[in-house]
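Since the structure comes first, as structure tokens, the remarks are kept for the end.
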Amino acid sequence: MSSGLAERIDAALPQTQCRQCGYPGCRPYADAIAAGGADINRCPPGGEETVRELSRITGLPQKPLEGVTKPPAVAAIDEPLCIGCTLCIQACPVDAIVGAANLMHTVIAAECSGCELCLPVCPVDCIAMVETGTALAPHERLQRAARYRARYTARLARLQRERAQRLAASRARAQERRKRATIARVMERARQRLKSRVIK
């Protein structure tokens, strides 16, 4: 697989990270196309325009788009109904939802990629997609895609740091437990020796 080809394919994708293509993000989909494992017509957010661009980049024939391209929209939370479960925060691939456990959440509309991944995880159905009514020019779409990619990459890095921190904390706790157990054994042996001397 050519990494250069995958990068060019990835650059042509809208970076919504919506998973409608069947892959966990735009870059994995780009890698699959570059490796010959995926068709170029599986990106509904990109529409027919993206299919044409991917055909130009890869030399593969155009195919009818799989799925339906929807008008641009962003998620909006009906905040009085929000129970603060954080499930939407965990689902958002670009960290466009802010809030804390048991507190109201809200969407940063300017950063929402419109992926809709927050909709199915909400247990109280308090999230809806709201059309922006704005058609973007090609250069604006590229700028927005670059911003989504940057936020997605930053989120992955944050999650990796948090996993590393949790692992380090878990190892530290385990080491502390072993240390305490060792001290307890040493103290018990000392007590037993002292006890045996007293008996003699």
Original post:
Which value in nm describes the separation of the simple spin-label points at Gln90 and Ala181, placed 7 Å from the Cα toward the beta carbon?
Top reply: 3.0 nm
Subject >> Highest average packing first - 6-15, 122-131, Cβ atoms within 10 Å >> reply: 6-15, 122-131
Original post:
Between Ala109, Val186, Leu142, whose Cα lies farthest towards the positive end of the dipole of the chain when Lys and Arg beta carbons carry +1 and Asp and Glu beta carbons carry -1, centred on the Cα centre?
Top reply: Val186
Original post:
When the helix-only estimate is applied to the chain (DSSP H runs of n ≥ 4, each -39,500 (n - 2.57), divided by the residue count), what is the mean residue ellipticity at 222 nm, nearest 500 deg cm²/dmol?
Top reply: -17000 deg cm²/dmol
Original post:
What translational diffusion coefficient, in µm²/s and rounded to a whole number, does the Stokes-Einstein relation yield for segment 73-131 at 25 °C and a viscosity of 0.890 mPa s, taking the hydrodynamic radius as the Kirkwood radius over Cα pairs?
Top reply: 225 µm²/s
Original post:
Taking one equal scatterer on every alpha-carbon of segment 35-134, how large is log10 of I(q)/I(0) by Debye at q = 0.10, 0.16, 0.24 1/Å?
Top reply: -0.37, -0.73, -1.14
Subject >> Under 14 Å from Lys63, Cα to Cα: aspartates and glutamates that are on another chain or at least 8 residues apart >> reply: Asp39, Glu48, Glu49, Glu53
Original post:
By its C-alpha gyration tensor, with a ≥ b ≥ c as the square roots of the eigenvalues, how is segment 3-58 shaped: rounded for a/c under 1.5, else prolate for a/b larger than b/c, else oblate?
Top reply: rounded
Original post:
Under the classification rounded if a/c is under 1.5, otherwise prolate if a/b is larger than b/c and oblate if not, where does segment 142-200 fall, given a ≥ b ≥ c as square roots of the Cα gyration tensor eigenvalues?
Top reply: prolate
Subject >> Label-point gap, in nm, between Leu60 and Glu79 - each point 7 angstrom along Cα→Cβ >> reply: 4.4 nm
**OP:** Sort by residue number and report every cysteine in the chain with no other cysteine beta carbon within a distance under 4.7 Å.
**Re:** Cys21, Cys26, Cys43, Cys82, Cys85, Cys92, Cys112, Cys122, Cys126
Subject >> Separation of the Val198 and Ala154 label points, Cα + 7 Å toward Cβ, nm >> reply: 6.5 nm
Original post:
Give me the log10 of I(q) over I(0) for the chain at q = 0.15 Å⁻¹, as the Debye formula computes it from C-alpha points; what are the numbers?
Top reply: -0.97
**OP:** Output the relative contact order of segment 1-74, whole-number percent, from Cα pairs under 8 angstrom with separation of 6+ residues.
**Re:** 29 percent
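Rule-based calculations on the coordinates, nothing more; no lab input. The structure presented is a predicted model; accordingly, all values stated were derived computationally and were not measured. Glycine also receives a Cβ, built like all others from the backbone with ideal geometry; neighbour counts cover every protein chain displayed.
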